[in-house]
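Notes follow the structure.
The values are calculated or read from the model by the stated rules, or taken from the named source; none is laboratory data. Bear in mind that the values here come from a model prediction, so they are computed numbers and not experimental data. Positions of Cβ are backbone-derived with ideal geometry, glycine not excepted, and every protein chain shown enters the neighbour counts. Keep in mind that these areas ignore ligands, DNA and RNA; they rest on the heavy atoms of the full protein, side chains included. Shrake-Rupley method; radii C 1.70, N 1.55, O 1.52, S 1.80 Å.
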Amino acid sequence: MFERIAIVGVGFMGGSFALSVKSVLSCQIFGVDINPQALERAKDLKVIHEGSTNIKELSSFRPDLVVLATPVRTFESIAKDLKECLSSETVVTDLGSVKGHLVYTVEKILGSKFVGGHPIAGTEKSGVENSVEGLFKGKRTILTPTQRTERDALEKVKKLWELIGSKVEFMDPFLHDVVFGAVSHLPHAVAFALIDALLLLTKRTGIDLFQYPGAGFKDFTRIAASDPIMWRDIFLENRENILEAIDCYSSSLRRLRELISEKRVEELTQYLKEARENRLRIE
Ligand code: NAD
């Protein structure tokens, strides 16, 4: 299938992908990262065989698959570098959390062998030292082929994900961004904002409220410990969908505020009941 795989961005996701692939395929893995310490750690942990901070070295490694696993706003310039050092036969895919326009931008540079992908698996942790071999087992991976995507490249990428235990689903790149803008990007925005609100309340009251975290607060804000650069890039790259989702959330919060402020007991109960019932529908 693939014998020489290059991972660009040897962090949590790139590292987890490399470990997963190594467990099912006999292949050489080359890592590229701007951080030399990440490469050293990746070699020590046997996540990659070799690595370099210079992406141009891929021309001598001659990969048959390249996987982009850096923050999404780096993809365009990385694709331009790859264009200069890859053979036209190399399949390129990515693990990025945003698709939409980005898929078409990268495809325009790299051509029909680019297959957009987003594994629906992860944690708030970052860095190669937190890589997990079984991260993708039983989890969904969304692939976002376009009219131009070469069927053979798509089939190979799909097979690789299935081999490492993931369930593959195809989705239009723009639909992907609407869906994950709502179910993933909005909750992250809310978690970051909740911590920010607690900081404001701490200043206003003079009480260090972070000394009293309840279980609910910890559950709800776990994802606010995620990498700021990665999330800055996701928010900016999926800007329109996130703005719409934030507006929707703000109006729900305003309605809740109104019901509490005006002591509208029946409607408040109904609001909470409906929210509870819908939450219980999720497995
Ligand atoms: P990470 O911070 O753990 O790793 C990113 C790595 O990329 C770092 O080692 C960093 O040094 C390197 N890097 C940054 N810019 C680079 C560049 N220009 N060239 C080469 N290397 C560069 O982040 P992560 O959690 O592994 O996320 C990587 C990608 O996976 C992102 O696109 C993110 O949207 C996507 N993703 C993450 C999760 C998650 O839960 N963490 C889930 C799904 C998808």
statement: M1 passes all but one of the listed conditions (1) modelled with pLDDT under 95; (2) within 9 Å of the ligand (Cβ to nearest atom); the exception is number (2)
message: Take the conditions of a type outside the set (V, I, T) and part of a loop (DSSP other than H, G, I, E, B) and apply them to G165. Does it pass?
response: yes
query: Limited to the range 30-50, what total is found for residues that are within 12 Å of the ligand (Cβ to nearest atom), part of a loop (DSSP other than H, G, I, E, B) and in contact with a strand residue (DSSP E or B) (Cβ under 9 Å, 6 or more places away or on another chain)?
result: 3
message: I'm trying to understand the selection: among the residues of the range 14-61, which are among the hydrophobic types (A, V, I, L, M, F, W, C), in contact with a Leu (Cβ under 9 Å, 6 or more places away or on another chain) and closer than 24 Å to S88 by Cβ?
response: F17, V21, L25, C27, F30, V32, I55, L58
field: Subset of the range 227-244 [open to solvent by less than 30 Å² (accessible area, probe 1.4 Å) and over 12 Å from P187 (Cα atoms)]
entry: D233, I234, N238
- prompt: Does any residue of the range 197-208 turn out to be in the same structural domain as S250 (by TED's automatic domain parsing) and touching a residue at least 12 places away in the same chain (Cβ under 8 Å)?
  reply: yes
query: In the range 1-29, what residues are surrounded by fewer than 24 Cβ atoms within 10 Å (Cβ to Cβ) and part of a strand (DSSP E or B)?
result: R4, Q28
field: All positions within the range 104-123 that are within 13 Å of the ligand (Cβ to nearest atom) and open to solvent by less than 50 Å² (accessible area, probe 1.4 Å)
entry: V106, G116, G117, H118, P119, A121, G122
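Condition check ((1) more than 13 Å from the ligand (Cβ to nearest atom); (2) open to solvent by 50 Å² or more (accessible area, probe 1.4 Å)) across all residues:
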{"residue": "L82", "(1), (2)": "no, no"}
{"residue": "T93", "(1), (2)": "no, no"}
{"residue": "S97", "(1), (2)": "no, no"}
{"residue": "K125", "(1), (2)": "no, yes"}
{"residue": "K137", "(1), (2)": "yes, yes"}
{"residue": "T141", "(1), (2)": "no, no"}
{"residue": "P145", "(1), (2)": "yes, no"}
{"residue": "K167", "(1), (2)": "yes, yes"}
{"residue": "F174", "(1), (2)": "yes, yes"}
- prompt: Out of the range 50-74, which residues are more than 12 Å from V10 (Cα to Cα) and not β-branched (V, I, T)?
  reply: N54, K56, E57, L58, S59, S60, F61, R62, P63, D64, L65, R73
field: Of the criteria (1) more than 20 Å from V157 (Cβ to Cβ); (2) surrounded by fewer than 17 Cβ atoms within 10 Å (Cβ to Cβ), which one A38 fails
entry: (2)
query: Just checking, how many residues over the range 1-32 are of a type in the set (A, V, I, L, M, F, W, C) and free of Cβ contacts under 8 Å to residues at least 60 places away in the same chain?
result: 4
Complete set of residues in the range 187-197 that are open to solvent by 30 Å² or more (accessible area, probe 1.4 Å) and among the hydrophobic types (A, V, I, L, M, F, W, C): F192, A193, L194, I195, A197
